[in-house]
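So the structure is just underneath, and the comments pick up after that.
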Amino acid sequence: MVSPASPVTHAVEIRDLHKSFGPLEVLKGIDFAVDPGQVVCVIGPSGSGKSTLLRCVNLLEQPTSGKVILEGVELTHRDVDIDAARRRVGMVFQQFNLFPHMTVLQNVMIAQQRVLKRGRREAERVARENLEKVDVAVKCDDYPGQLSGGQQQRVAIARALAMSPALMLFDEPTSALDPELVGDVLAVMRKLAEEGMTMLVVTHEMAFARDVADRVVFMDGGVIVEDGPAAQVIGAPQHERTRSFLRRVLDPTHTDV
Amino acid sequence: MTDKSTAAEPSAPAGAPPGGTGLSPRQKQRISRTLQYVVLVAVVVFLLLRIEWGSLAANFAKPEVAAETWPDVFTVALKNTIIYSVGGFVFAFLFGLLFALMRLSSVAPYRWISIAYIEIFRGLPALLIFLLILFLPLALPGFEVPGGTYGQGILGLTIVGSAYMAETLRAGLQAVPRGQMEAARSLGMSHTRAMVTIVIPQAVRIVIPPTTNQFVSLLKDSSLVLFLGVTGDYVELTKFGNDLASTYANATPILVVGVTYLLVTIPLGYLANRLEKRQGKGR
């Protein structure tokens, strides 16, 4: 085991993480780390615990045991100000979760103003900059309900980026989108990855994982089954469970005999 | 109505006599409708002949008495009705929000207090609460409801209204999707900050239509101020109408007051409907 006081080599490190909902153990001891600038994709069948793992990283779910260490700070420690720690972690949800009673611009400004205490001017400048980046700047004054799913998700990405996070979490960001809108969101994520953002992505988009991820983690039944370079895990998986999953995902008409 | 249900039955083909009556569905429908008109006309004719219209008008709509209500019915009575009900509404909303938040609190005793309050005061007749308020000075010596007569009326309406408002607001708070709180927390907002900035504004928007209806109901309940024994400048519509009706031994003031209520309640009802429809579209 690495000592907790080790220099900040990892953006985020997870040690022996367990999470149970009542009698159901969803995570059964997860160990892994993401280095700064790395893009890690988490794949696996539904119910494998990958979304729960992601939600444990910013403590939307309280882990039952184990440690989450963000930039050398142990978030799971009792004395840590969790609100302060979360500012360093951006999160993008499957259902976008934009604030429907605020305009696009306000959505991206509100946390900057209320949490980071940035002034109106600066918050607006940062918001417009990030909306520009995700290519929805023209929709600044619209309400989320007036936007397509793809546009809403890109606003959600801008909202998270405006907080200047050290790590971005994506929880199946394209699963709720119409197929023709998936490409725009993935393009934005790819751009982010190229700019060196540290990203942890739960996804079913195998092409994205193969092309963009530095590492792919395959989870099944609450444990990490395989963790390695994208080309290896997707291209030449070592474990039978990984192979079987990939066969089903890449060729949905295929059935295992 | 009966003819509608017949019309909705296309089963029997035209001309085929079902049940051996020899009548087609269309003929039956015509007979049924004719019968309904006959009954209506009979009732109207009976009422026209039986009621003494002169005496009715003299008691319920006497122009001279109606003129006596002017202008106090608006400048005093309606004004006070609005003071009582708007005051009651504002406090009922604030306390209702407090009780709704307590109801959803993670601190168990807060939940118990809130549940007890809501169950007790939703289950009691509003009149009973007003009668109890009358006895407050006796029960708590030295205690005086702030704001005098207005204060007492507003207190009564607040107690009644906040119990209903708490339930409405709780439903509104729970109707805001969980993801909203999660998104706010993931941006680093504290629980309180997320509630105030993200959840409560959305909940309030959701409950605007039912809340408008609750205001109408409080406006009607403000008539119970009658039982507080108010006088002079503090009378609201019902007390005002009742007093004048006694003075002139004539019901016309009550009718005038009734129309005045409707001038406020019917537009508000329409407003609530429109808000509800607009919200249905927006979501």
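Quick notes on this structure:
- Against the numbered list (1) open to solvent by less than 50 Å² (accessible area, probe 1.4 Å); (2) out of contact with any Ser or Thr (no Cβ under 8 Å at 6 or more places or on another chain); (3) more than 14 Å from every other protein chain (Cβ to nearest Cβ), B:Asp243 comes up short only at (1).
- Across the stretch A:138-155, the number of residues qualifying as touching a Ser or Thr at 6+ places or on another chain (Cβ under 8 Å) and in a helix (DSSP H, G or I) comes to 1.
- Residue check: A:Met168 meets all listed conditions (1) farther than 25 Å from A:Val26 by Cα; (2) surrounded by 21 or more Cβ atoms within 10 Å (Cβ to Cβ); (3) in contact with a Gly (Cβ under 6 Å, 6 or more places away or on another chain) but one, namely (1).
- Of all residues in the stretch A:62-104, those satisfying the criterion of being touching a strand residue (DSSP E or B) at 6+ places or on another chain (Cβ under 8 Å), assigned to a loop (DSSP other than H, G, I, E, B) and under 24 Å from A:Gln152 (Cα atoms) are A:Arg88, A:Phe93, A:Gln94.
- Criterion applied to A:Gly90, A:Gly44, A:Gly49 was being over 23 Å from B:Ala183 (Cβ atoms) and of a type outside the set (D, E, K, R), and the one residue passing it is A:Gly44.
- Of everything in the stretch B:181-196 that is buried (at least 19 other Cβ atoms within 10 Å of the Cβ) and within 34 Å of the chain's Cα centre (by Cα), the residue that is nearest to the other protein chains (Cβ to nearest Cβ) is B:Ala194.
- Applying the set (1) more than 7 Å from chain B (Cβ to nearest Cβ); (2) of a type outside the set (Gly, Ala, Ser); (3) buried (at least 17 other Cβ atoms within 10 Å of the Cβ) to A:Asn97 leaves exactly one unmet item: (1).
- Look at the stretch A:27-51: where a residue is among the charged types (D, E, K, R) and a partner is surrounded by fewer than 20 Cβ atoms within 10 Å (Cβ to Cβ) and in a loop (DSSP other than H, G, I, E, B), sitting 6+ places away or on another chain with Cβ atoms under 7 Å, you get A:Asp35/A:Thr9.
- So B:Val207, is it within 14 Å of chain A (Cβ to nearest Cβ), within 30 Å of A:Leu59 (Cα to Cα) and part of a helix (DSSP H, G or I): no
Residues are listed down the side, and each one gets a yes or a no for (1) within 30 Å of B:Leu268 (Cα to Cα); (2) surrounded by 18 or more Cβ atoms within 10 Å (Cβ to Cβ):
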site: B:Thr34; (1), (2): no, no
site: B:Val44; (1), (2): no, no
site: B:Ala57; (1), (2): yes, no
site: B:Thr69; (1), (2): yes, yes
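- When A:Leu59 is tested against the conditions (1) of a type in the set (A, V, I, L, M); (2) at positive phi; (3) not in a loop (DSSP other than H, G, I, E, B), the lone failure is (3).
- Matching residues in the stretch A:28-44 - criterion: being over 17 Å from the mean Cα position of the chain (by Cα) and open to solvent by less than 30 Å² (accessible area, probe 1.4 Å): A:Gly29
- Top-ranked residue in the stretch A:52-86 [being among the basic types (Lys, Arg) and within 14 Å of chain B (Cβ to nearest Cβ); ranked as nearest to A:Asp171 (Cα to Cα)]: A:Arg55
- Close Cβ contacts (under 7 Å, 6 or more residues apart or on different chains) running from residues in the stretch B:181-194 that are closer than 15 Å to A:Ala160 by Cβ and basic (Lys, Arg) to residues that are open to solvent by less than 40 Å² (accessible area, probe 1.4 Å) and not in a helix (DSSP H, G or I) comprise B:Arg185/A:Leu60.
- A Cβ distance below 6 Å, combined with a sequence gap of six or more or placement on separate chains, defines the contacts here; from the stretch B:32-54, residues that are without any contact (Cβ under 8 Å) to a residue 40 or more places away in the chain reach residues that are part of a helix (DSSP H, G or I) in the pairs B:Ser32/B:Thr2; B:Ser32/B:Asp3; B:Arg33/B:Asp3.
- For the stretch A:227-245, a residue qualifies if it is open to solvent by 10 Å² or more (accessible area, probe 1.4 Å) and either in contact with a Ser or Thr (Cβ under 6 Å, 6 or more places away or on another chain) or of a type in the set (A, V, I, L, M) (or both), and the qualifying residues are A:Ala231, A:Ile234, A:Ala236.
- Hits in the stretch A:192-226 - residues which are free of Cβ contacts under 8 Å to residues at least 24 places away in the same chain and open to solvent by 40 Å² or more (accessible area, probe 1.4 Å): A:Glu194, A:Glu195, A:Ala207, A:Asp211
- Any hit, the stretch A:190-203, residues being among the charged types (D, E, K, R), closer than 22 Å to A:Thr9 by Cα and either in a loop (DSSP other than H, G, I, E, B) or within 13 Å of the chain's Cα centre (by Cα) (or both): yes
- The set of residues from the stretch A:117-140 being within 14 Å of chain B (Cβ to nearest Cβ) and surrounded by fewer than 17 Cβ atoms within 10 Å (Cβ to Cβ) comprises just one member, A:Lys117.
- Any hit, the stretch A:208-221, residues being farther than 19 Å from A:Ile14 by Cβ, out of contact with any helix residue (DSSP H, G or I) (no Cβ under 9 Å at 6 or more places or on another chain), aromatic (Phe, Trp, Tyr) and part of a helix (DSSP H, G or I): no
The values are calculated or read from the model by the stated rules, or taken from the named source; none is laboratory data. Keep in mind the model is a prediction, meaning the values are calculated, not measured. Quick reminder, even Gly has a Cβ in these numbers, built from the backbone with ideal geometry, and neighbours come from all protein chains shown. To get the accessible areas, we keep the full protein, side chains included, count just its heavy atoms, and leave off ligands, DNA and RNA. Shrake-Rupley method; radii C 1.70, N 1.55, O 1.52, S 1.80 Å.
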